[in-house]
Each structure stands twice: as C-alpha cells, then as structure tokens.
Amino acid sequence: QVQLVESGGGLVQAGGSLRLSCAASGGILSFRSMGWYRQAPGKQRELVAAIASGFSTSYADSVKGRFTISRDNAKNTVYLQMNGLKPEDTAVYYCNTVPYDHVYWGQGTQVTVSS
C-alpha cells in the first residue's frame, strides 16, 4: 500500500522560503497526477499546486508566481518550492493524488509564516 510522507515545513518570516517534500513508499505514483493541498485553521482543504504525469503544472491564483511544484519519479518524490511566503500561507500542507484519494492522506507538514 502506498504511503505519502510530507516533510520540510517549519516557521519562517514573511518573504522567506521553504521546500516541502513528499515521499511515496510502498508503490509507484509515476503515472498519477500529484498535488499539494493545504488547510488553514477554520478553512477547507484546498489544492494549491498540481503536476501531471507529463510534468505539466497548475497553480491556485493565490500562489501563482511564488510556488513551484516538481517531481522526481526515480525517487518517488514530489516537491513544493515556496518563495515569497506570506502569513496567509500558514497552514498544514499535504500531498495527495489529483483528484485526491482518501487513503493517501498523511499527517501533513506545518508551515507557519510570521509577519
């Protein structure tokens, strides 16, 4: 069974950068579209970035131009490079397939941006 493990979160000042990683174990997701989702306190989980098996990407308007999603199929890993972070980016970040599959939700990684 595939498990997704997110890492790389932390506390950063506004304007700073973080790189999140999502490692897939127990299987291969090379042929699946993958995405990074986030959930802020009191808000619904939202998809912020997606990458198809063919490496085309898409982004939510709120992160476009600041976040970059990438994947390394040889390592079964998906990345999210986050630059120009804002306090409103504070959330727990998760990776999952696109569309998501409930069985793949992991613990996520907390990103906190201070002003």
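The values are calculated or read from the model by the stated rules, or taken from the named source; none is laboratory data. Just so it is clear, the model here is predicted, and its values are computed rather than measured. Cβ placement follows ideal geometry from the backbone for every residue including glycine, while neighbour counts extend to all protein chains displayed. Quick note on the areas: whole protein, heavy atoms, side chains included, nothing else; ligands and nucleic acids left out. Shrake-Rupley method; radii C 1.70, N 1.55, O 1.52, S 1.80 Å.
Here is how the numbers come out for the structure above:
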read-out: Residues of the range 41-76 that turn out to be open to solvent by 50 Å² or more (accessible area, probe 1.4 Å), aromatic (Phe, Trp, Tyr) and touching a residue at least 12 places away in the same chain (Cβ under 8 Å), as a count; value: 1
read-out: Test: LEU85 is open to solvent by less than 50 Å² (accessible area, probe 1.4 Å), in contact with a strand residue (DSSP E or B) (Cβ under 7 Å, 6 or more places away or on another chain), over 25 Å from VAL2 (Cα atoms) and touching a residue at least 60 places away in the same chain (Cβ under 8 Å); value: yes
read-out: PHE31 surrounded by fewer than 18 Cβ atoms within 10 Å (Cβ to Cβ) and of a type in the set (Phe, Trp, Tyr); value: yes
read-out: Strands (runs of 3 or more DSSP E) (entirely within the range 1-99) containing at least 1 residues that are more than 30 Å from SER115 (Cβ to Cβ) and touching a Pro at 6+ places or on another chain (Cβ under 8 Å); value: none
